[in-house]
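See structure below.
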Amino acid sequence: MPGSEERALGVHRVLEPEGVLPQAAVRLDAAPAVGPDEVRIAVQRLNLDAASFRQLSESCGGDGAAVRSAVLEIVAARGKMQNPVTGSGGMLIGVVDAVGPESPLGLEVGQRVATLVSLSLTPLRITDGLARWDGRSEQVPAEGTAILFARSIAAVLPDDLPDAVSLAVLDVCGAPAATARVVARTGARSVVVVGAAGKSGCLSLAAARAAGADQLTGLVRNDAEAAALSASGLADRVLVADATDPLAVAAAVGRPVDVTVVCVDVPGAEHGAVLATAQGGTVVFFSMATSFSAAALGAEGMAADVTMLVGNGYTPGHAALALDLYRSSPGVRALIDPRVGE
């Protein structure tokens, strides 16, 4: 029998291979029966992370029905939503419908919550065949059950925001929190956000400004995104460049900056981010498409003295920070609301 700490981490739900944590598992037990320290969520909507959704869409040639079938097959085979190519998942919202007597999460039956842990480690069952989803958006209406462990994280959904907005913001809430922490700790003034017109990108710009940075650059992939970002007022400078072309990124940015935050959902942005960052600066890779070996070896090959951080999706207070940035920043809302409405 697993000990209390192993149970808290969800090891008891791992079916294969033995001895790993749920995120590294090939298959989880997604049975809806609740253990003494678990919480069961009646699922209402999934949010697939951007890298995973892009990979699925591209591999299925944009065929929504094929994407839907692929997601159903993954969940059925693995007992969780973890894209086997990207390794990433997403998060969900739903209603608490059972709480074990020893759960430390403080949740109550009937509360509507967003999970702040990845679907790649959350036991999940889908019971409606995703019949209401056309396979063409990251947000997935769904019915089923999900299980939270004693060391899982969830946030009670705010009453003042639409569910789709809360889901979109909370899905990326680790990025602005990590950005704010780095800017505050280092005293950075100049920041480049790569993928600045996306959800995590625009929130990271707003977080950097709030934390004291005053030279903000947003790098985007095309003129349409540049126009939207310029109109938002979040960045002091807006650049268009291919994030996967390191020389193009370096040329566009010009003088290297104190902090670079990578929020794009495509692989290959590592070297450009390093080149954009000044000696002694910091790169925050907040993308599931990042190759950390490429980042580390590339920086070594460039003799780049930069601190490189993995964008941990958890920072204390990250959910409240992201929601407050959305509420307080018209520019953030101007960029996120159209995406949520797609």
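Rounded to the nearest 10 degrees, the angle from helix 292-301 to the longest Cα principal axis of the chain is 20 degrees. When restricted to Cα atoms, the range 11-97 yields an Rg and a Dmax of 13.9, 44 Å, respectively. Compared with the dominant principal axis of the Cα atoms in the chain, helix 174-186 is inclined by about 50°. As a ratio to 2.2 N^0.38 Å, the alpha-carbon radius of gyration computed for the chain takes the value 0.98.
Evaluated with a Cβ-only charge set (Lys, Arg +1; Asp, Glu -1), the range 181-291 carries a dipole of roughly 380 debye about its Cα centre, given to the nearest 20. Between the amide H of GLU143 and those of THR127, ASP128, LEU130, distances stay under 5 Å, these residues lying 5 or more places away or on another chain, with hydrogens modeled in the peptide plane. Taking Cα atoms only, the orientation of helix 330-340 departs from the longest principal axis of the chain by about 50 degrees.
How high is the relative contact order of the chain, in percent, with contacts defined as C-alpha pairs under 8 Å that are six or more residues apart?
Values: 803 pairs, mean separation 51.2, N = 342.
Relative contact order for the chain comes out at 15 percent.
Read-outs: derived from the displayed coordinates by stated rules, not from any lab. These figures come from a predicted structure and were not determined experimentally. Ideal geometry is used to build each Cβ from the backbone, glycine not excepted, and the neighbour counts take in all protein chains shown.
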